[in-house]
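Read through the structure below, which is laid out as structure tokens, and then see the notes.
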Amino acid sequence: MSGTKPWLDTRLPALESFRAFFAAPVLPRERPYLATLPVLITGALIFQVLSGLVLSLFYNPADAYNSIQFIDRNINYGWLIHAFHETGTTMIFGAVFFSLFRALWLRSYKTPGEVLWFFSVAQFGLLLLVGYLGYVLADGTVSYWSLASTVSGAFGLSGFPGAIGVWFFGGADGAGTLARLVVFHAVLALAVFGILFLEYLARRGAEPKVTHGVGLHPYYTSQYFAAFVVFALIFAVLVFFAPHLGENPLNRGPADPLVLPVAVAPPWFLLPVGNVGHVFPGVWGTIFAVLARLAVLVALPWLDRSAPGKPAGFLHKLLLLVLALDVILLTVWAMQPPSLIGEVVAVLLTAYFFFHFLVLLPFFSALEAR
Amino acid sequence: MRRLLIAALALAVLAAPHARAEDTLNPPRWQSEGVFGSYDIAALQRGFLVYQTVCAACHSASALHYRDLDGIGFSTEQIAALASGVKLASGPATLDDIFKNPYPDTTAAAAAFSGAIPPDLSTIVAARPGGTKYVYRLLTGYAAAPADMTLLPGHYYNTAFPGQQIAMPPPLKDGQVQYADGVTASAAQEASDVAAFLTWASDPNLDASKEIGLRAVLFLVFLSFVAIATKRKIWRESV
């Protein structure tokens, strides 16, 4: 028998099952291009880890801003690697926001997709944390003050949360804190891969059994390749022609412990969730705001009263588009200079976000289900 | 028709530099602006002259080395000659020295300007909303203060500066430098040129980025057509 098998297969049996996995006709037909998003996010994260690895070789937490200037100006193609890392963040968050919206649109969080949905929200939360840490590592005019207020907020907490703050940040914000945050930035980014793997397992669980399917290769490999090239094209356009998209320009100057910047907006990907922080007062208010925003997402499978497997109706889609508009407006608004009207609008937009999930969605989905 | 279009395009490309040479000040324009912008080497060199003669007297640019000036088209000999004219505490500057900081520390700098420290100019264009244009408007924005406004001691009225009071005295005036290329050194021209130079100082890799970017984007556009066509062909054959 072994004579009929290829030479390597008899010596490395795993190869055969790997090949079977690649070509077995188990995948459903007509999966849309957008279903490639999780794979694209994984690929972008791998690329992000590689560019981050190069940056970490030259990054110096004791002189963070100047070491980044050194990378941009004195390392061969350092500016390009730095731009890859910066724009890679935008690409990842763009894809993550889009796939969260897609899950809402398709109601894929309903049975049997709940666990997959929890992992998606967890991944989103973890990426926000990693993104925030990366933003802080830039040690610019704005992120310096953001870190300073975060650390002083964390140190102001009492009991166990305060102990976590001390353990995480080490001490008053400074070179020592940045040195820790480099480590957390990298380790937590690697932890995202763990969640991505769990997501993959959950996705396989949520998929219906296929009777007359197609193989991964060549059908879906060709689709992945096309999706990847278009993704790379968007990435290239942004890297080379809009390298600082959605960033606060003030943050490209050095940190100054004596001068507060006039506009404190973080990069765009933190705004949809982070901007809510201003609405509730105090440190606990900010923590509550961010956690509440993620909590309504986690509770979504139960807030949506519709029957599982039922395609979304017109009303559901309309409400979702309004919600998307609400989040986009909140993001754009937060980039404007602070004003009284801006504060009022931010409160209203935030209130609508919770109103959508806690009132509109349960009510109308129950109405639709009847 | 197509030939006419190509001719018109060629004419537009040929005419463009002339149009730019005519008047870049009204309204102020820079070649580096826009998606396909690149640096105007002549403007950068004029801007460096203004920078070295005027700005460098008070401002540092600690991210820049003298050797970096090859990026604005100076030869190594020119840069070496230029650097040797700069007196550092350790002697004449060399190619690998960073731009001279005119003040030994921030306290000395603050003392000279009623408490305001002249900011480092390495990333000033990147770090200000409006970038190049902001620098230009600031340098040309000095005016007499309105009658109902009392300025802080040692401050000047400036329309572009946030709060309209700036501690920097008006730095530029007509004929402050002599341009080697014969361009008239009006205060506005000097401001425009030094804004161009500081844009380069903030982002010296702009030209390289646009050049690589154009190739990468063209390649990926081509590849996406191929990839999508391949995918469609494979799927057509499956059913």
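The values are calculated or read from the model by the stated rules, or taken from the named source; none is laboratory data. This is a predicted model, so every value here is computed, not measured. As a convention, Cβ positions derive from the backbone with ideal geometry for all residues, glycine included, and neighbour counts pool all protein chains shown.
The one condition from (1) more than 14 Å from chain B (Cβ to nearest Cβ); (2) without any contact (Cβ under 8 Å) to a residue 24 or more places away in the chain that A:L294 does not meet is (2).
Listed by first and then second residue, the pairs linking a residue in region B:47-76 that is more than 14 Å from chain A (Cβ to nearest Cβ) to a residue that is charged (D, E, K, R) and surrounded by fewer than 20 Cβ atoms within 10 Å (Cβ to Cβ), with Cβ atoms under 7 Å apart and 6 or more places separating them unless they lie on different chains, are B:A56/B:K100; B:T76/B:D70. If you scan region B:102-118, which residues turn out to be of a type outside the set (V, I, T) and surrounded by fewer than 19 Cβ atoms within 10 Å (Cβ to Cβ)? Passing the criteria: B:P102, B:Y103, B:P104, B:D105, B:A108, B:A110, B:A111, B:A112, B:F113, B:S114, B:G115, B:A116.
Conditions tested, residue by residue: (1) surrounded by fewer than 14 Cβ atoms within 10 Å (Cβ to Cβ); (2) among the hydroxyl-bearing types (S, T, Y); (3) modelled with pLDDT under 95.
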residue	(1), (2), (3)
A:G194	yes, no, no
A:E207	no, no, yes
A:H217	no, no, yes
A:Y220	no, yes, yes
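The residue pairs whose first member lies in region A:67-79 and is at the interface with chain B (Cβ under 8 Å from one of its Cβ atoms), whose second member is aromatic (F, W, Y) and crowded, with 20+ Cβ neighbours inside 10 Å, and whose beta carbons are closer than 8 Å, counting only pairs six or more residues apart or on different chains, are A:D72/A:W79; A:R73/A:W79. In the set (1) buried (at least 19 other Cβ atoms within 10 Å of the Cβ); (2) outside the structural domain of A:G342 (by TED's automatic domain parsing); (3) touching a residue at least 60 places away in the same chain (Cβ under 8 Å); (4) β-branched (V, I, T), A:V262 fails one condition alone, (1). Provide a single number: the residues in region B:209-239 that are more than 31 Å from the chain's Cα centre (by Cα) and either facing chain A (nearest Cβ under 7 Å) or not in a helix (DSSP H, G or I) (or both). Of the residues in region B:209-239, 11 are more than 31 Å from the chain's Cα centre (by Cα) and either facing chain A (nearest Cβ under 7 Å) or not in a helix (DSSP H, G or I) (or both).
Within region B:178-203, the residues that satisfy the criterion of being β-branched (V, I, T) and either free of Cβ contacts under 8 Å to residues at least 40 places away in the same chain or more than 11 Å from B:T24 (Cβ to Cβ) (or both) are B:T184, B:V194, B:T199.
Does B:D181 satisfy the condition of being away from chain A (no Cβ under 12 Å), in a helix (DSSP H, G or I) and acidic (D, E)?
In short, no.
Filter region A:211-245 for residues that are within 14 Å of chain B (Cβ to nearest Cβ) and not in a helix (DSSP H, G or I) and give the result. Within region A:211-245, A:H212, A:G213, A:V214, A:G215, A:A242, A:P243, A:H244, A:L245 qualify.
Only one of the numbered conditions (1) farther than 19 Å from A:F118 by Cα; (2) surrounded by 13 or more Cβ atoms within 10 Å (Cβ to Cβ) is violated by A:P281, and that is (2). The set of residues in region A:143-160 that are in contact (Cβ under 8 Å) with a residue 24 or more places away in the chain and part of a helix (DSSP H, G or I) comprises A:S143, A:Y144, A:W145, A:S146, A:L147, A:A148, A:V151, A:G153, A:A154, A:G156. The set of residues from region B:110-133 being outside any loop (DSSP other than H, G, I, E, B), more than 10 Å from every other protein chain (Cβ to nearest Cβ) and within 18 Å of the chain's Cα centre (by Cα) comprises B:T132, B:K133.
Filtered by the rule that a residue be surrounded by fewer than 18 Cβ atoms within 10 Å (Cβ to Cβ) and touching a His at 6+ places or on another chain (Cβ under 8 Å), region A:326-370 gives A:E343, A:E368.
For residues in region B:167-177 being surrounded by 17 or more Cβ atoms within 10 Å (Cβ to Cβ) and either within 21 Å of the chain's Cα centre (by Cα) or without any contact (Cβ under 8 Å) to a residue 24 or more places away in the chain (or both), which is nearest to the other protein chains (Cβ to nearest Cβ)?
Residues of region B:167-177 that are surrounded by 17 or more Cβ atoms within 10 Å (Cβ to Cβ), as a first pass: B:167-168, B:171-172, B:177.
Within this subset, residues satisfying the condition of being either within 21 Å of the chain's Cα centre (by Cα) or without any contact (Cβ under 8 Å) to a residue 24 or more places away in the chain (or both) are B:168, B:171-172, B:177.
Values: B:M168: 16, B:P171: 20, B:L172: 23, B:V177: 26 Å.
Per the stated criteria, the residue is B:M168.
Please verify whether A:V96 is surrounded by fewer than 21 Cβ atoms within 10 Å (Cβ to Cβ) and not basic (K, R), treating the condition exactly as stated. No: the conditions fail for A:V96.
Only one of the listed residues (B:A43, B:A81, B:A63) is in contact with a strand residue (DSSP E or B) (Cβ under 8 Å, 6 or more places away or on another chain) and either surrounded by 18 or more Cβ atoms within 10 Å (Cβ to Cβ) or over 30 Å from A:S67 (Cβ atoms) (or both). That residue is B:A63.
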